[in-house]
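What follows is calculated from the coordinates using simple rules that are stated; it is not laboratory data. Only a predicted model underlies this, so the values are computations on that prediction, with no experimental measurement involved. Quick reminder, even Gly has a Cβ in these numbers, built from the backbone with ideal geometry, and neighbours come from all protein chains shown.
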Amino acid sequence: MSSSEYYCVPGDRLCPCDRATAGPGTYEKQNCIYASIAGTIQLTTVDQSSNNSDKKPIISVIRQDRSLAVPSVGSLAYCKITNVTSRFVRCLVFAINNQPLKTPCHGRITRENIESINKDSVVCSTKFRPDDIVLARIIALGDANAYLLSTAEENLGVITARSVAGGKLIPISDCQMKCPMTNTVEPRKVAKIQADLTDEVSKLT
Amino acid sequence: MEQPDECFDPLQFAVDLNLSDIKNVNLDENVFISKGLINQANGSSSIESKSLITQANGSSFIELSATKVTCAIYGPRETSSTSDESYSKCLLETSIKFSPFARQHRIDPLSVQYDNDEDCEESELCSRLEEALLPCILLHKYPKSQIDIIIDVIEDDGQHLLSAIILSATVALIDACIELYDTVVAKSLKTNDSLFTLCYMPNLAQVSCIFFDGEATPNYLDELTDEAVKQCQLLHKAICKVVISDLKSAAALNRKIV
């Protein structure tokens, strides 16, 4: 990756289409790539070994001090559960792809999208409780009220939650969490902790 | 890694151009554009970059002659509208307010009617602003959301108001990091009793809209258009310079903090 000290403003013509692929912060028009935000120009080379003929570098415009998080299909969303019903779970998305949103937006996880197996026998209230912090993936823009989210992956689900007694729950399996204060076991759809997170925890202890 | 041969140095658009130069060319007219203010608090211990309006995503202040305008951008945020159009595209919500002391005659804040009066001047300006900006925003990048543009007119000299409003909105949109096809610049020309405003996208060489109040022959309109396009290009250079110098100072600040 090569970062440059070249600055551009929206509308600046960067290069013709056949020399590079348009990345974030750029758009294509009339066989040319133009900048669509103000920032520094960055060229990323595509890994030569990774198959196909597309060896053009990716040109993108990066803004260091301020980047805009926009909910889009396929991105990871951090959300807080607000309401659990028998058919779906309502939540408030407060961050997208590790970037906080200025204003939270509404999301919804339907019963069928909670687990990847035994979808029909899922009971929402044994998977999520209000105030749980959940990592989910946006699968559709949904209707006018909410984005459609899914936790049907093993690394998606509840990241952190509090028990009835108020203790911070500790995950003990993929569907159970234990309260350290009362030793009661509560059911949850637990997210498989990523490797980098466990490394971080082991460093702390 | 080398950059492509045809890659332009964007700085070539902004070389050797001081705002004072514009002052000379622009027929004794002051142009002052500001995107962000940098506050240096408590000596050297804490340095922070601050926008003009801190709560907003992007903000700007524009001074054209005696006309002074501030603009704040909020969003893109979740829209409350449920129309089909808002589902695939972003909505633009504009609001323009005059300060009580903006004009020669003071507006009594108590006597201003805030109900939806369709033919009041503010809503007229709002619709013109939307007309000028809609062609330049990549609306499809922000589905199900809306962008709020809030403009305060601090002072109005009767000539540059519309162009100042459009310029401030453009600079604030750039500041808010919202994707644009091009930077829209606008120039108002006043002759006798007619007012001509042209909104121009310099890199695409497209006119986004023209407003004209008064009477003129087609030839005269052509002349006005040519003159406005020339002045728009100068304003565009000024905007580029402000935006890039702001980016540079932000980058320098980041380096200091790290």
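Tabulated values for the structure
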quantity	calculated
Ratio of Rg to Rh over region A:76-156 (Cα coordinates, Kirkwood Rh, two decimals)	0.94
Karplus-derived 3J(HN,Hα), 6.51/-1.76/1.60, for each residue of region A:168-179, Hz, glycine and proline x	7, 5, 10, x, 10, 8, 6, 9, 9, 9, 10, 8
Neighbour cut-off at most 15 other Cβ (10 Å), DSSP loop, GluC sites (Glu not before Pro), region A:108-157	A:E153, A:E154
Between region A:117-133 and region B:191-258, the Cα center-to-center distance that results, in Å	55 Å
Tilt relative to chain A, helix A:195-204 - C-alpha long axis, 0 to 90 degrees, to 10	70 degrees
Gained length - A:D18 relative to A:T82, 0.36 nm times residue gap less alpha-carbon distance	18.2 nm
Under 5 Å, built H, 5+ apart or other chain: amide partners of B:V207	B:M201
Efficiency of FRET from Cβ geometry, A:V73 and A:Q176, R₀ 30 Å, rounded to 0.05	0.45
FRET E, pair A:V123, B:N192, Förster distance 56 Å, beta-carbon r, rounded to 0.05	0.15
Debye equation applied to the C-alpha atoms of chain A, log10 I(q)/I(0) at 0.09, 0.12, 0.15, 0.18 Å⁻¹	-0.50, -0.78, -0.98, -1.15
HN-Hα J in Hz across region B:198-215 - Karplus 6.51, -1.76, 1.60, θ = phi - 60°, x for Gly and Pro	10, 10, 10, 10, x, 6, 8, 6, 10, 9, 7, 6, 10, 10, 9, 10, x, 10
Calculated from backbone phi, Karplus (6.51, -1.76, 1.60) coupling profile of region A:143-148 in Hz, x at Gly/Pro	8, 5, 8, 8, 7, 8
Loop sites in region A:80-167: trypsin sites (Lys or Arg not before Pro), DSSP, at most 16 other Cβ within 10 Å	A:R87
Loop sites in region B:187-258: GluC sites (Glu not before Pro), DSSP, at most 15 other Cβ within 10 Å	B:E215
Linear extension gain, A:K29 paired with A:K168, 0.36 nm per residue minus alpha-carbon span	44.8 nm
For A:C32, residues with placed amide H under 5 Å, excluding near neighbours	A:C17
Hypothetical label at B:F101: residues of region B:154-179 whose amide nitrogen lies under 18 Å (7 Å Cα-Cβ projection)	B:154-158
Number of partner chain Cβ atoms within 10 Å, mean per residue of B:247-254	3
Per-residue average of Cβ from other chains inside 10 Å of A:29-38	5
Within straight-line cross-link reach of B:K256, lysines at Cα separation under 27 Å, skipping those fewer than 8 residues along the same chain	A:K102, B:K35, B:K50, B:K241, B:K248
Cα-projected label distance for B:H140 with A:T45, points at 7 Å along beta-carbon direction, nm	3.3 nm
Full-extension gain in nm, A:T160 to A:T184, via 0.36 nm per residue minus C-alpha separation	7.0 nm
Equivalent ellipsoid dimensions for region A:139-187 as semi-axes, Å, which come from the Cα gyration tensor, largest first	29, 13, 7
